[in-house]
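Beneath this line is the structure, given in structure tokens, with notes to follow.
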Amino acid sequence: MSFAQDSRLEVRPLIVNDAETCDQIVLTLPRHFGLESGRRACAQAVRTSEGWVAVLDGRVVGFLTVQSYFDTTVEITWMAVHAEFRGRGIGRRLIERLRREVQARGYRLLLVSTLAPSYEGDTEGPAEEGYAATRAFYQAVGFLPLQEVPLYWGVGSQPALLLVMPLQ
Ligand SMILES: CC(C)(COP(=O)(O)OP(=O)(O)OC[C@H]1O[C@@H](n2cnc3c(N)ncnc32)[C@H](O)[C@@H]1OP(=O)(O)O)[C@@H](O)C(=O)NCCC(=O)NCCS
């Protein structure tokens, strides 16, 4: 069942009390959040950054956090939907809310980075389990691939794909 139009699903601003539930959501996605350093950075972001959560019947089932640059750009820094609820329109609802909010504040561009298609470790397993699905998601909700950047996350890191969404 899709939650794309479901009024039981609410998207509201992230508050610090949501942080532990966000940590739990991340633990349902070991394939995507396999690195302890990544989980720690995400845990920090949900405690300190602005963000939004998707709430279904009172339960937080997805979130995203953001960071802004200049007065033009907002980057999605972390995003996850609980494994049991993936593929049912919750991510799309989070992006739609984010887009409305930042557009109203006058920002011009949404930015997100994810693992690039050239990353060899991404070729194993079914596409829907890995970052091919994440790239497909971002493009389905309106992001355009901009550039692959080697070492985007620092020395020894995997190549990133940057995607942008212009805001009208
Ligand atoms: C990526 C993620 C946030 C997307 O949220 P979601 O709720 O699963 O996505 P939605 O159901 O809203 O999908 C929206 C659209 O994306 C596309 N999409 C989603 N999952 C897809 C998949 N596995 N394969 C292909 N396309 C997909 C579909 O076109 C879908 O369109 P539809 O609404 O017409 O069906 C979520 O799946 C997730 O947490 N993934 C693991 C962690 C992750 O990758 N986080 C981002 C790190 S950069």
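Each Lys or Arg adds one and each Asp or Glu takes one away; over the other residues whose Cβ falls under 12 Å from the Cβ of Glu10, this sums to +3.
Sorting Val16, Val55 on solvent-accessible area from highest to lowest, probe radius 1.4 Å, gives Val16, Val55.
Multiplying the residue separation of Glu75 and Gln103 by 0.36 nm and subtracting their alpha-carbon distance yields 8.8 nm.
Can you tally the net charge around Tyr69? Count Lys and Arg as +1, Asp and Glu as -1, for every other residue whose Cβ sits under 15 Å from the Cβ of Tyr69. Taking every Cβ under 15 Å from that of Tyr69, the sum is -1. Using a cutoff of 8 angstrom between alpha carbon atoms and counting only pairs six or more residues apart, the relative contact order for the chain works out to 20 percent.
For segment 23-104, what class follows from the C-alpha gyration tensor (a ≥ b ≥ c being the square roots of its eigenvalues): rounded when a/c is under 1.5, otherwise prolate if a/b is larger than b/c, else oblate? The shape class here is oblate. Using the rule -39500 (n - 2.57) for each DSSP H run of four or more residues, divided by the residues of the chain, the 222 nm mean residue ellipticity is -8500 deg cm²/dmol. Length, then width, then depth: along the principal axes, the Cα atoms of segment 9-166 run 39, 34, 27 Å. Taking all protein chains together and rolling a 1.4 Å probe, Glu50 ends up with roughly 80 Å² accessible.
Between Ala136 and Ser2, the modelled labels are 1.5 nm apart [label points 7 Å from Cα along Cα→Cβ]. Tally up the carbon and sulfur contribution to the accessible surface of segment 9-166 as a whole percent, 1.4 Å probe, everything protein left in place. Of all accessible area on segment 9-166, carbon and sulfur atoms account for 52 percent.
The values are calculated or read from the model by the stated rules, or taken from the named source; none is laboratory data. All of these numbers come straight from a predicted model, not from anything done at the bench. With ideal geometry, Cβ positions are generated from the backbone for all residues, glycine too; neighbour counts draw on all protein chains shown. Accessible surface is based on the protein model in full, side chains and every heavy atom, while ligands, DNA and RNA are left aside. Shrake-Rupley method; radii C 1.70, N 1.55, O 1.52, S 1.80 Å.
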